[in-house]
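Participant: So that we are looking at the same thing, I have put the structure below in structure tokens.
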2 protein chains.
Amino acid sequence: MEKRYVVLIALIGLLGPLFAQQALWGEKPVVSPEIHKDKTVTFRLNAPNASRVEITGDFLPAQKIVSPFGEFDGPGIVELKKTENGIWEYTTPASLAPELYSYSFLVDGLKINDPANVYRIRDVATTPNVFMIDGERADLYKVNSVPHGSVSRRWYPSPKLGMDRRLTIYTPPGYEESDADYPVLYLLHGMGGDEEAWIALGRTSQILDNLIASGKGRPMIVVMTNGNAAQEAAPGESSSGFTYPTMQLPLTMDGTFETAFPDVVDFVDRQYRTDKSKQGRAIAGLSMGGYHSLHISKQYPDLFDYVGLFSAAIFPNDGVTSPIYEDMDKKLEKQFAQAPALYWIAIGDKDFLYKQNQDYRNLLNKNGYGYVYYETPDGHIWKNWRIYLTEFVPMLFK
Amino acid sequence: MEKRYVVLIALIGLLGPLFAQQALWGEKPVVSPEIHKDKTVTFRLNAPNASRVEITGDFLPAQKIVSPFGEFDGPGIVELKKTENGIWEYTTPASLAPELYSYSFLVDGLKINDPANVYRIRDVATTPNVFMIDGERADLYKVNSVPHGSVSRRWYPSPKLGMDRRLTIYTPPGYEESDADYPVLYLLHGMGGDEEAWIALGRTSQILDNLIASGKGRPMIVVMTNGNAAQEAAPGESSSGFTYPTMQLPLTMDGTFETAFPDVVDFVDRQYRTDKSKQGRAIAGLSMGGYHSLHISKQYPDLFDYVGLFSAAIFPNDGVTSPIYEDMDKKLEKQFAQAPALYWIAIGDKDFLYKQNQDYRNLLNKNGYGYVYYETPDGHIWKNWRIYLTEFVPMLFK
């Protein structure tokens, strides 16, 4: 056998079904999504046997979902049209605004990924396809040709929880070559998320790389924890194996995580060159992570000078008791007596937690506690949390 | 609105379609795969409108694929049966051997993921679902309750390639608390892979954690590079964005990567506490990565005392010229004159590169060059490469 043949066969063997079936046996590969120059987008699915193909995604106008608990905005849904060769197609009627979008197909009602698009990001228990429309703020979500920080998955001991736990940590470009101490942002995820959420869906490393490169953000360390105190690590990454929690996890919004949080700070301050002053620490989080940030920052008023509540839950649920949630008024009084460098509250005008945040702002106003408020359109979605991160980081450690 | 309601709605909003549609509106969630106590496995898909549902995966007996270039073993395929409620089901007729398996469904010919299984690992351009059968060697592939190393994505400058490039690096448990120098294994992927391949499909961090915990492997650093010299990083992780290479990449098996490899070693020796002697360095790789390991180790005979060729390509393709591939006989003579501590060749008895490896062993035999040969059943598949890693690591740095 000639060497040329060996290499060809190697290619077939190594690149598997993609090349074997599509490139080599003549079936034309489907391109999907195809982002056109005018930023309209065409989606395609090769499904000759399907009788109905739809696409659902956050780039489509939201649709009302009626539930026993009320109405919600859900992602829109639209039909694809069957073309020759059994390929179904849909092109957006207008350009899409710059953003990281996610979508899935529905084939005769069955939700599937786009087999032509290898990019998928897990969001809790589903793994939709993603695509990017460049430009404007979304350019902060891209990997650009700028110096890149490092992203590590580390395990830290949590004596208070009696286990080793995993976290994700971003160190800025130059950290390893420097002797300097760096300020630290602790960045917390929402319910159902884990230590992968901010780095994957939140585009944290890209946002930090880009803000630091443009001089808008100070070089800082970002620590992304797992806020489910019953878990060692994200699904699939712990000794519980490839199982998936199918119910709300215990130990999420009951004070356990907040109580054990100093274990994280101890580890980070021991293992990294950190600015160990209050002025060198920020804590922020989305939804449940905002709730954690609120209660951790008031429980340990000497730890964090910067606090960010992104679409935060505020008040503990009825019946939940923990020393963490006791004497809220007194603890806030103590925290605000020291006037945080920044206490930042951000929420979307359609967020189901809007009212709770309004109540909290009234409480802060009544007491004359200083904070900055930032309101955006839309609801409880990642688009907003990425926006909030790009707004929050430039205000830190100035 | 009562707080209790707010929390319920928070749950719906945060956990999205999974809870909203399945748990709360009464549709029973499908469990798939269900691994039974006897290690048979049931797969299920809720697809009431489908007329044919199949499953394809590496747990099924291989099937012959006929191509213009010859016959290959491809993953098997079997039909599911429709049960009441429109749920399709298949149970393996016998227990499955311990292993990390991958699979996809075919619905009326359309390949899809199992929507009930959130675990997927990208393999080149496809992202099949995965599941684990515990036991025996596969227990080395699990996250166990042992000390865990750290896994970092780092960017290193490659002056020889004129770009910053990404690598994945494993540091063993205790590295950060120690002052010791550690030996380094450079571990290279195959064609179509990238710096994510060994950590995701190869289960490198789990295998190293477990071998180190049992005392079978020495604590070591493992460096996983990107062998496509035209790429900065894995698809989606570089400034080329969410595009996917649809053809064989240039600069993969033409000497470019091998020529630039000292840039990697320089970076790692500068940034990590490494044993900088030849005795403290190993290089190994699968397929194209084995080819790279062969040619790098003979080009720089003072760098590596341990060499592992896992299902390696051996000889450069006709017409490929590079100083790297010149004078192969002389370079091997020089390399083996210094008697590597270990020169390890492993391959499956059905591998399409078997003959090339046989030719190479004949060449080594003829010259009296010492090596260790390890043969397994099966072909050019990840199962074998995980096995080879678990065999290779315990022999290193002794």
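Bear in mind these aren't lab numbers, they're just calculated from the coordinates by the rules spelled out. Predicted model only: the values in this text are computed from it and were never measured. We place every Cβ from the backbone using ideal geometry, glycine too, and count neighbours over all the protein chains shown.
Participant: Which entries in the list A:Lys142/A:Lys383; A:Lys37/A:Lys383; A:Lys111/B:Lys111; A:Lys278/A:Lys398 go over 18 Å, if you measure between the two C-alpha atoms of each? Provide the component values of the computation, followed by the final result.
Facilitator: Numbers: A:Lys142/A:Lys383 14 Å; A:Lys37/A:Lys383 23 Å; A:Lys111/B:Lys111 12 Å; A:Lys278/A:Lys398 13 Å.
Correct reply: A:Lys37/A:Lys383.
Participant: Would you work out the charge dipole size for chain A about its Cα centre, treating the Cβ of every Lys and Arg as +1 and the Cβ of every Asp and Glu as -1, and quote it to the nearest 20 debye? Numbers along the way, then the final one.
Facilitator: Working: 39 positive and 48 negative charges, 87 e Å.
So the magnitude is around 420 debye.
Participant: In whole Hz, with x marking every Gly and Pro, tabulate ³J(HN,Hα) for segment B:152-165 from phi via Karplus 6.51 cos²θ - 1.76 cosθ + 1.60, θ = phi - 60°.
Facilitator: So the Karplus estimates, Gly and Pro as x, are 10, 9, 10, 10, 10, x, 10, x, 5, 9, x, 7, 7, 9 Hz.
Participant: Semi-axes of the protein assembly as shown's equivalent ellipsoid from the Cα gyration tensor, sqrt of 5 times each eigenvalue, largest first, rounded to whole Å?
Facilitator: Numbers: eigenvalues 386, 221, 115 Å².
Over the Cα atoms of the protein assembly as shown, the semi-axes work out to 44, 33, 24 Å.
Participant: Can you list residues whose amide H is under 5 Å from B:Arg120's amide H, if they're 5+ apart or on another chain and H is modeled 1.01 Å from N?
Facilitator: Close amide H contacts, sequence-distant or interchain: B:Val130.
Participant: Continuing with this model, one more query. Tabulate in residue order the Karplus-calculated ³J(HN,Hα) for segment B:114-131, using 6.51 cos²θ - 1.76 cosθ + 1.60 with θ = phi - 60°, rounded to whole Hz; enter x for Gly and Pro.
Facilitator: So the Karplus estimates, Gly and Pro as x, are 7, x, 8, 10, 6, 8, 9, 10, 5, 10, 6, 10, 10, 10, x, 6, 10, 8 Hz.
Participant: Now for a separate question. Using Cα pairs closer than 8 Å and at least 6 residues apart in sequence, work out the relative contact order for segment A:173-280, in percent.
Facilitator: Working: 114 pairs, mean separation 35.0, N = 108.
With pairs under 8 Å counted, the relative contact order is 32 percent.
Participant: Report, in whole Å, the centroid distance computed from the Cα atoms of segment A:321-360 and segment B:288-340.
Facilitator: Using only Cα atoms, the two centres lie 63 Å from each other.
Participant: For segment A:30-39, what does the Karplus curve 6.51 cos²θ - 1.76 cosθ + 1.60, with θ = phi - 60°, yield as ³J(HN,Hα) per residue in whole Hz, taken in order and with x for Gly and Pro?
Facilitator: My calculation for segment A:30-39 gives 7, 9, 7, x, 9, 8, 7, 4, 7, 6 Hz in order.
Participant: Normalising by the residue count of segment B:307-398, find the relative contact order in percent from Cα pairs under 8 Å and 6+ residues apart. It would help to have the intermediate numbers written out before the result.
Facilitator: On the way: 95 pairs, mean separation 33.8, N = 92.
With pairs under 8 Å counted, the relative contact order is 37 percent.
Participant: Using a simple charge model, +1 on the beta-carbon of Lys and Arg, -1 on the beta-carbon of Asp and Glu, nothing else, what dipole does segment B:26-133 show about its Cα centre, in debye to the nearest 20?
Facilitator: Numbers: 11 positive and 14 negative charges, 32 e Å.
Here segment B:26-133 has a charge dipole of around 160 debye.
Participant: Then there's this: Can you put A:Asp266, A:Asp179, A:Asp359, A:Asp194 in order of Cβ neighbours within 10 angstrom, beginning with the fewest?
Facilitator: On the way: A:Asp266 15, A:Asp179 5, A:Asp359 12, A:Asp194 26.
Listed from fewest to most nearby Cβ atoms, that is A:Asp179, A:Asp359, A:Asp266, A:Asp194.
Participant: Say R0 is 22 Å: what FRET efficiency, to the nearest 0.05, do A:His36 and A:Asp378 get from their beta-carbon distance? List each step's numbers first, then the result.
Facilitator: On the way: r = 25 Å, r/R0 = 1.14.
The computed FRET efficiency comes out at 0.30.
Participant: I've got another one for you. Taking amide H positions as placed 1.01 Å from N in the peptide plane, with prolines and chain starts having none, which residues 5 or more places from B:Ile65, or on another chain, fall under 5 Å of its amide H?
Facilitator: B:Phe72, B:Asp73, B:Gly74
Participant: Hey, another quick one. In the Gaussian network model of chain B, springs joining C-alpha atoms below 10 Å, which of B:Pro262, B:Pro219, B:Pro183 carries the largest mean-square fluctuation?
Facilitator: Looking only at B:Pro262, B:Pro219, B:Pro183, the largest GNM fluctuation is found for B:Pro262.
Participant: Counting only DSSP beta bridges with both residues in segment A:143-395, what percent are antiparallel, rounded to the nearest 5? If you can, show how the numbers build up before the last one.
Facilitator: Numbers: 12 of 37 bridges.
Of all bridge pairs located within segment A:143-395, approximately 30 percent are antiparallel.
Participant: Right, next: When each copy gets a label point 7 Å from Cα toward the beta-carbon at A:Ser240, what are the spacings between them in nm, shortest first?
Facilitator: Relative to the other copies, A:Ser240 has label-point distances of 3.9 nm.
Participant: Say a label goes 7 Å from Cα toward Cβ at B:Asp349 in every copy; what distances in nm does this one have to the rest, shortest first?
Facilitator: Shortest to longest, the spacings are 7.2 nm.
Participant: Also, I was wondering about something else. Please label the shape of segment B:76-226 as rounded, prolate or oblate, based on the square roots a ≥ b ≥ c of the eigenvalues of the alpha-carbon gyration tensor (a/c under 1.5 means rounded; beyond that, a/b larger than b/c means prolate, else oblate). Please list the in-between numbers first.
Facilitator: Values: a/c = 3.22, a/b = 1.68, b/c = 1.91.
It is oblate, given that a/c is not under 1.5 and a/b is not larger than b/c.
Participant: Considering the zone a paramagnetic label at B:Asn85 would reach in this model (a point 7 Å from Cα along the Cα-to-Cβ line), which residues of segment B:97-138 have amide N under 15 Å from it?
Facilitator: Label zone hits: B:116.
Participant: Right, here's the next one. Give the average over all directions of the projected area of the C-alpha convex hull of segment B:143-395, one decimal, in nm².
Facilitator: Numbers: hull surface 53.7 nm².
Reported value for the Cα convex hull: 13.4 nm².
Participant: Which angle between 0 and 90 degrees, to the nearest 10, do you get for helix B:382-392 versus the longest principal axis of chain B when only C-alpha atoms count?
Facilitator: It works out to around 50 degrees.
Participant: Could you pull out every residue, at least 5 positions away or on a different chain, whose amide H is within less than 5 Å of the one on B:Tyr186? Hs are placed 1.01 Å off N in the peptide plane, and Pro or chain starts have none.
Facilitator: Under 5 Å from the amide H of B:Tyr186 lie the amide H atoms of B:Val223, B:Ala282, B:Ile283, B:Ala284, each far enough along the sequence or on another chain.
Participant: Here's something else I'd like to know. Which one of A:Ile121, A:Ile169, A:Ile387 has the biggest mean-square fluctuation once chain A is modelled by GNM with Cα springs under 10 Å?
Facilitator: Looking only at A:Ile121, A:Ile169, A:Ile387, the biggest GNM fluctuation is shown by A:Ile121.
Participant: Taking 30 Å as R0, compute the FRET efficiency from the Cβ-Cβ separation of B:Asn317 and B:Glu177 and round it to 0.05.
Facilitator: Details: r = 47 Å, r/R0 = 1.57.
Step by step, r from the Cβ atoms, then E = 0.05.
Participant: Less than 9 Å Cβ to Cβ from A:Glu79, Lys/Arg counted +1 and Asp/Glu -1: what total charge do the surrounding residues give? Let's see the in-between values first.
Facilitator: Details: positive: A:Arg52, A:Lys81; negative: A:Glu54.
Charge balance near A:Glu79 sits at +1.
Participant: Which residue fluctuates the most in chain B, going by a Gaussian network model with Cα springs under 10 Å, if the choices are B:Ser239, B:Ser102, B:Ser205?
Facilitator: B:Ser239
Participant: Expressed as an acute angle from 0 to 90° and rounded to the nearest 10, what is the orientation of the C-alpha long axis of helix A:204-213 relative to the principal long axis of chain A?
Facilitator: 80
Participant: Right, another one. What relative contact order, as a whole-number percentage, does segment B:143-395 give when Cα pairs under 8 Å and 6 or more residues apart are counted?
Facilitator: Working: 485 pairs, mean separation 45.5, N = 253.
Worked out over segment B:143-395, it gives 18 percent.
Participant: Counting other beta carbons within 10 Å of each residue's own, what order do A:Asp181, A:Asp329, A:Asp108 fall into, fewest first? Show your work: numbers first, answer last.
Facilitator: Numbers: A:Asp181 15, A:Asp329 9, A:Asp108 19.
Starting with the residue having the fewest Cβ neighbours, the order is A:Asp329, A:Asp181, A:Asp108.
Participant: Let me ask something else. May I ask what percent, to the nearest 5, of DSSP beta bridges between residues of the protein assembly as shown are antiparallel? The partial results should precede the final answer.
Facilitator: Values: 93 of 143 bridges.
Around 65 percent of the beta bridges assigned by DSSP in the protein assembly as shown are antiparallel ones.
Participant: Where a Cα-Cα gap under 18 Å defines reach, which aspartates and glutamates qualify for B:Lys366, not counting those fewer than 8 residues away within the same chain?
Facilitator: Cα-Cα hits under 18 Å: B:Asp327, B:Asp329, B:Glu333.
Participant: Which listed residue (A:Val118, A:Val130, A:Gly74) has the Cα farthest towards the positive end of the charge dipole for segment A:33-133, taking +1 on Lys and Arg C-beta and -1 on Asp and Glu C-beta about the Cα centre?
Facilitator: Positive-end residue among those listed: A:Val118.
Participant: Right, something else. Just to verify a number: FRET efficiency for A:Lys334 and A:Ala230, C-beta to C-beta distance, R0 = 30 Å, to 0.05?
Facilitator: Working: r = 30 Å, r/R0 = 1.00.
It comes to 0.50.
Participant: If the only charges are +1 at each Lys and Arg Cβ and -1 at each Asp and Glu Cβ, what is the size of the charge dipole of the protein assembly as shown around the Cα centre, to the nearest 20 debye?
Facilitator: On the way: 78 positive and 96 negative charges, 38 e Å.
That gives a dipole near 180 debye.
Participant: Taking a quarter of the surface of the convex hull around the Cα atoms of segment B:63-156, what do you get in nm²?
Facilitator: Details: hull surface 43.7 nm².
Value for segment B:63-156: 10.9 nm².
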